[in-house]
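The next block holds one structure in the form of structure tokens; read it before the comments.
Read the figures in this text as sums done on the coordinates, not as results from a lab. In this text the structure is predicted, and so the values were computed from the model without any measurement. Cβ coordinates were reconstructed from backbone atoms using ideal geometry, including for glycine residues, and neighbour counts include every protein chain displayed.
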Amino acid sequence: MNFDFSKDLLMLKEVARDFTNREIKPLAQRIDEEEKIPVELIKKLAEVGFFGTAFPEEYGGGGFGKVGYCVMMEEIARGCSSTATMVGAHQSIGTNAIYIGGSEELKMKYLPKLCSGEMIASFALTEPEAGSDTFNLKTEAHKKGDKWIINGSKIWITNAGIANVLSVFARTNKGITGFVVEADTPGITIGPPEKKLGIKGSTTNSITFENVEVPEENMIGIEGRGFPIAMKTVEGGRLTIGACCLGASRELLELSTNYAKRRKQFGETISKFQAVQFMLADMAAKIYPMESIVYRCAYDFDQGKDISVQAAILKLYASEAMTEVADKALQVHGGMGFSRELPMERYYRDARILRIFEGTTEIQKMIIGRHIIKSNGKI
């Protein structure tokens, strides 16, 4: 096994880190307080190619695959979870649904504009009665001539407030089917942004579809075969969360270590106290295996392997581990960690959603547990 990144991946990592330090970190607090990612930052993300990193060059992407995508997302998440969530929702689920299941014509119609950032994508699956129970969709699509007519509603849709393109899943006569729907199509109503505990800069909205007409050629894949496409897409989303957890956790460990080496109590720096050293050690012990699982899953995804169980393990472990890392980072910083003067409390709030979206902790355990029973204990 070769655990070293190629020169191209190392260069991508350096570019992403430099961009995050220059453009994202200085805005992170403002993004959280104003609950909005500046349009100027979105344009800059597009200019450096961060909206199409994973996709092949023939579609206007960077050609880095999921490994490269995770390298980039790890660095972005070091600076701002809201920005990382926006980029992830666009690339890893909104656009990826089209890439995974779309016809060649559909890919050529949308992917170049999505990869360039000319268009922003969103993934519309969740409904009021279909959260963890994703198969229980009530949104319907009926054929009328050469068009599909969509009626229904979606909730908790990331990027809905800024998206130009929606990857929408609805129920037809043959089962769940995916569609690419342009957000300015008549009959679409985007609800007001949700007020959230964390990732406040990432817009999350409801969507209502009332007799929305979609061209027949905008169907993603085959009628009635949308559920496997949606689930494969969600696996990519779980990879995104793993990479974001890794990046944010690394940042918190670095910040906590530097603070411990500066902060003095009882005549010496707190880095010399065993209690603080133990907290830093616990953080490092969470991060080390997180890195291994993220890049192993990303590599297997790029090789075309089924990572459904591995992605569930990654999502379960990384989201739980990140929560613990954020908690210990805040503890190391003491009262200052609780203050908005430092970013610890923002990372702490942002971490909480990680155990909920893209499948709750409990859903991941169900996926893993069922596999273990079926495989007689094999992973």
Note to self: Taking θ = phi - 60°, what integer Hz values does the Karplus form 6.51 cos²θ - 1.76 cosθ + 1.60 yield along the stretch 150-165, in sequence order, with x for Gly and Pro?
What the structure shows: 9, 9, x, 8, 10, 10, 6, 9, 5, 6, 4, x, 10, 6, 9, 10
Notebook entry, point to check: Can you list the lysines whose alpha carbon is less than 19 Å from that of LYS174, not counting same-chain residues fewer than 8 positions off?
Noted result: LYS138, LYS143, LYS144, LYS147
Checklist line | Inter-label distance, nm, simple model (7 Å from Cα along the C-beta direction), LYS195/GLU324 | finding: 3.5 nm
Notebook entry, point to check: Where does the chain land at 222 nm, in deg cm²/dmol rounded to the nearest 500, when only DSSP H runs of n ≥ 4 count, each adding -39500 (n - 2.57), divided by all residues?
Noted result: -16500 deg cm²/dmol
Checklist line | Peptide ranges 74-80, 170-176 listed from the most packed, as the mean C-beta count within 10 angstrom indicates | finding: 74-80, 170-176
Margin query: Between GLN29 and ARG352, what's the calculated FRET efficiency when r is the beta-carbon distance and R0 is 22 Å? Round to 0.05.
Written below: 0.75
Check: Extension gain ASN151-SER6, at 0.36 nm per residue separation less the Cα-Cα distance, in nm?
Finding: 47.5 nm
Notebook entry, point to check: Once Rh for the chain is found with the Kirkwood sum over Cα pairs, what is the Stokes-Einstein diffusion coefficient at 25 °C and 0.890 mPa s, in µm²/s?
Noted result: 116 µm²/s
Next item on the list: For the stretch 122-224, report the translational diffusion coefficient in µm²/s to the nearest whole number, using Stokes-Einstein at 4 °C, 1.567 mPa s, and a Kirkwood Rh over Cα pairs.
Entry: 95 µm²/s
Next item on the list: Largest first and to the nearest Å, give the Cα extent of the stretch 299-379 along each principal axis.
Entry: 49, 26, 19
Note to self: What distance in nm separates the two pseudo spin-label positions at GLN265 and ARG370, each 7 Å out from Cα along the beta-carbon direction?
What the structure shows: 4.7 nm
Checklist line | Inter-label distance for ARG340 and ASP18, nm, one decimal - labels placed 7 Å from Cα along Cα-to-Cβ | finding: 3.4 nm
Notebook entry, point to check: Which value results for Rg/Rh of the stretch 228-379 when Rg is the Cα radius of gyration and Rh the Kirkwood radius based on the inverse mean 1/r?
Noted result: 1.07
Notebook entry, point to check: Once phi is turned into ³J(HN,Hα) by the Karplus curve 6.51 cos²θ - 1.76 cosθ + 1.60 with θ = phi - 60°, what whole-Hz value does each residue of the stretch 105-121 show in order, with x for glycine and proline?
Noted result: 5, 5, 4, 5, 6, 10, 4, x, 6, 6, 5, 7, x, 4, 10, 10, 10
Checklist line | Ranked by how many other beta carbons lie within 10 Å on average, peptides 148-159, 283-294 from highest | finding: 148-159, 283-294
Note to self: If amide hydrogens are placed 1.01 Å from N in the peptide plane, which non-local residues have theirs closer than 5 Å to the one on SER103?
What the structure shows: GLY221
Next item on the list: Please give the helix 274-302 orientation as an angle from the longest Cα principal axis of the chain, in degrees from 0 to 90, rounded to the nearest 10.
Entry: 30 degrees
Check: Given Cα pairs under 8 Å that are at least 6 residues apart, what percent is the relative contact order of the stretch 226-379?
Finding: 28 percent
Notebook entry, point to check: Counting pairs of alpha carbon atoms under 8 Å apart in space and at least six apart in sequence, what relative contact order in percent does the chain give?
Noted result: 16 percent
Item checked: Packing rank of 88-96, 127-135, where each peptide gets the mean count of other beta carbons within 10 Å, highest leading -> 88-96, 127-135
Item checked: Per-residue HN-Hα couplings for the stretch 20-33 [Karplus 6.51, -1.76, 1.60; θ = phi - 60°; Hz; x = Gly/Pro] -> 4, 5, 7, 10, 9, 4, x, 9, 4, 5, 5, 4, 5, 6
